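Participant: Next up is a structure, given as structure tokens.
The values are calculated or read from the model by the stated rules, or taken from the named source; none is laboratory data. For clarity, every value in this text was computed on a predicted model and none was experimentally measured. Ideal geometry is used to build each Cβ from the backbone, glycine not excepted, and the neighbour counts take in all protein chains shown. Areas reflect the complete protein model, heavy atoms only, side chains present, ligands, DNA and RNA absent. Shrake-Rupley method; radii C 1.70, N 1.55, O 1.52, S 1.80 Å.
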2 protein chains.
Amino acid sequence: MSNEQAMQQYDVKKYVTPDGYTADIAVFTILSTKADMFKPPVMDLHIMLIKRSMTDSEGRPNIEAGKWALPGGFVAHTETAFQSAARELKEETGVENIHLEHFGVYDTPGRDPRGWIISNAHYAIVPEYQLSGRQANDDASEVELFSVKEVLNLDLAFDHARIIEDAIAVIRQKLLETTAAKAFLPEEFTYSELQAVLLTVTDDSAIALDAAFARKIKTLPFIQEISGKKTTRTSKKPTQLYRFVDVKVNHSLYHTRKQG
Amino acid sequence: MSNEQAMQQYDVKKYVTPDGYTADIAVFTILSTKADMFKPPVMDLHIMLIKRSMTDSEGRPNIEAGKWALPGGFVAHTETAFQSAARELKEETGVENIHLEHFGVYDTPGRDPRGWIISNAHYAIVPEYQLSGRQANDDASEVELFSVKEVLNLDLAFDHARIIEDAIAVIRQKLLETTAAKAFLPEEFTYSELQAVLLTVTDDSAIALDAAFARKIKTLPFIQEISGKKTTRTSKKPTQLYRFVDVKVNHSLYHTRKQG
DNA sequence: TTAATAGTGTCTCTGAGACACTATCGT
DNA sequence: ACGATAGTGTCTCAGAGACACTATTAA
């Protein structure tokens, strides 16, 4: 029995089907709130939101108008949600070639007043300088960065409060348990710059104490000292530069071996 | 501008929408391939598949008929994919109250010959004894367990080869990096039983060597010795029993602290 | 007594964590 | 010289990994 025969009898319209399939993107960036000469940075994790226009591109009243929301949009049937996320991010912000990852599906009945609409949530990690050219497009009247400390106080569209909450938990975990911090940093960075990134999501003393962290960074298998290369951008005393190297990091609960 | 006004002008039928939304479940179980008296077990990780019927419930030729596939089915618009996975698993296998988790979305255009069909993949962890009552339902002509070592040699329906490959990678990671092994074990277990579970997905010497692992298990913060309680089911010498305890396990790359 | 499993004794090595101390530079 | 950042010296302690050794039981 071939699929061709089966297909002749299959009627795709017979069943209740979703009314839409969307991709939303939580774009994270880190802003240096203090960046004086010869000072280590102080950083704050931010998320980029858009303010939904009062009217849509055809001039009709918009759903959830005036509320803050994650950028995103409908997935075309010729692409995956992941591709759609990358495309929409590029269209809406001009940002491309960045770390983008799927982290969740939001399909609770009633989450969108327009009907049965399934959303795939992604997060993106973008260094500050890449967002300089951002601007609002047709469906958005404003684009703005909010500190993750206050973003949940906003009036958010749909179930985006929930999605953003999850996204923050995910990025926190990724920053601490993977080498994702790399995406927030320049190629070559000092221990205090990596430390500042990590301090946006934790206050653990092993990271917060300078002496401890300066020593620790030398033992991390995925970070390499760039021998002889130093900078004075964070202090008057020239500071050692490091870079990430691609090694598989195995952190099983049951053994601490570097890797095999 | 209220959502009510916007909704009056919104036509849900205006856009191309998905033709279906499904949930698939990779049900994992561990079979003891050696379970003699006074012997530690030897285990093998298995995945449960169904063989797709030649005809559907209404007697017409079925899509991907005769091929092996993950159990699953269409999500109703009154439920989430996750709820659907739990429901279908219960309907198809009688199994409930188990560890079930979403791990991926499969939406590549063309993945299903019936049209634009999005699948949410889940994995389930089921102790061997819970699968004893399994039986094929209408859409399936057979239900069978396959070792993960050979399952990819089968003729698999749709893109299930890819999904299964991903599921195996996910469960491997979950077993080693979280306390998921708990779901394969009885409440009280010996070090060699936990060891046997882990050896289904790794051959690392720190786990494979008895003396090393017997010592290691005592230092794991999420495992507790049941003081004074022993069993002889794995050896003639009475063996210490352990249980999992619920503690938050923090395994950041940047510090090894137990937790705060 | 033997075979099999479940441990323990002891050694060496690495790294964590704490705290005091030194190093380097612009101003 | 001072202030600020970036380290190092040194101690103690826990645990990893290796290997030899002991312990307990059924048969």
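Participant: Can you compute the helix-only [θ] at 222 nm over the protein assembly as shown? Use -39500 (n - 2.57) per DSSP H run of at least 4 residues, normalise by all residues, nearest 500 deg cm²/dmol.
Facilitator: -6000 deg cm²/dmol
Participant: OK, next. If you plug each phi of region A:78-89 into the Karplus form 6.51 cos²θ - 1.76 cosθ + 1.60 with θ = phi - 60°, what whole-Hz ³J(HN,Hα) values come out, in order, with x for Gly and Pro?
Facilitator: Along region A:78-89, the couplings run 9, 9, 8, 4, 5, 4, 4, 4, 5, 5, 5, 5 Hz.
Participant: Quick one: grab the alpha carbon gyration tensor of region A:17-177, order the square roots of its eigenvalues as a ≥ b ≥ c, and give me rounded if a/c is under 1.5, else prolate or oblate depending on whether a/b is larger than b/c. Before the final figure, lay out the partial values.
Facilitator: Values: a/c = 1.74, a/b = 1.56, b/c = 1.11.
Because a/c hits 1.5 or more and a/b exceeds b/c, region A:17-177 counts as prolate.
Participant: How big a patch of accessible area, both sides summed and in Å² to the nearest 100, lies buried between A and B at a 1.4 Å probe? Kindly include the intermediate steps, with their values, before the conclusion.
Facilitator: Numbers: alone 15380 and 15350 Å², together 25090 Å².
Looking at A and B, the buried total is near 5600 Å².
Participant: Over chain A, average the accessible area per residue using a 1.4 Å probe and give it in Å², no decimals.
Facilitator: 48 Å²
Participant: Taking every DSSP beta bridge that has both residues in chain A, what percent is antiparallel when rounded to the nearest 5?
Facilitator: 75 percent
Participant: On a 19 Å Cα-Cα criterion, which of the cross-link pairs A:Lys218/B:Lys216; B:Lys90/B:Lys248; B:Lys39/B:Lys230; B:Lys90/B:Lys174; A:Lys174/B:Lys248; A:Lys174/B:Lys174 come out too long? Present the calculation step by step, with values, prior to reporting the outcome.
Facilitator: Values: A:Lys218/B:Lys216 27 Å; B:Lys90/B:Lys248 30 Å; B:Lys39/B:Lys230 15 Å; B:Lys90/B:Lys174 23 Å; A:Lys174/B:Lys248 16 Å; A:Lys174/B:Lys174 15 Å.
Listed pairs above 19 Å: A:Lys218/B:Lys216; B:Lys90/B:Lys248; B:Lys90/B:Lys174.
Participant: Show me the GluC sites (Glu not before Pro) within region B:93-157 that DSSP assigns to loop and that have at most 14 other Cβ atoms within 10 Å of their Cβ. Provide the component values of the computation, followed by the final result.
Facilitator: Working: sites: B:Glu96, B:Glu101, B:Glu128, B:Glu142, B:Glu144, B:Glu150; in loops: B:Glu96, B:Glu150.
Passing sites in region B:93-157 are B:Glu96, B:Glu150.
Participant: Right, here's the next one. For A:Asn153, which inter-copy label distances result when the label point lies 7 Å beyond Cα on the Cα-to-Cβ vector, reported in nm to one decimal and in ascending order?
Facilitator: 6.3
Participant: From the label point of A:Glu188, set 7 Å from Cα along Cα→Cβ, how far away are the matching label points in the other copies, in nm, ordered shortest to longest?
Facilitator: From this label point to the equivalent ones elsewhere in the assembly: 6.2 nm.
Participant: Ignoring ligands, DNA and RNA, please state the percent of accessible area on the protein assembly as shown from carbon and sulfur, probe 1.4 Å.
Facilitator: That share works out to 48 percent.
Participant: Under the convention of a label 7 Å out along Cα→Cβ, give the distances in nm from A:Glu79 to the same position in every other copy, shortest first.
Facilitator: 3.2
Participant: Now a separate question. Could you state the angle between the C-alpha long axis of helix B:160-177 and the longest principal axis of the C-alpha atoms of chain B, as a value from 0 to 90 degrees rounded to the nearest 10?
Facilitator: It is inclined by approximately 30 degrees.
Participant: Okay, moving on. How high is the relative contact order of chain A, given as a whole-number percent (alpha carbon pairs under 8 Å, six or more residues apart)?
Facilitator: Relative contact order of chain A: 21 percent.
Participant: How high is the relative contact order of region A:16-108, in percent, with contacts defined as C-alpha pairs under 8 Å that are six or more residues apart?
Facilitator: This gives 25 percent for region A:16-108.
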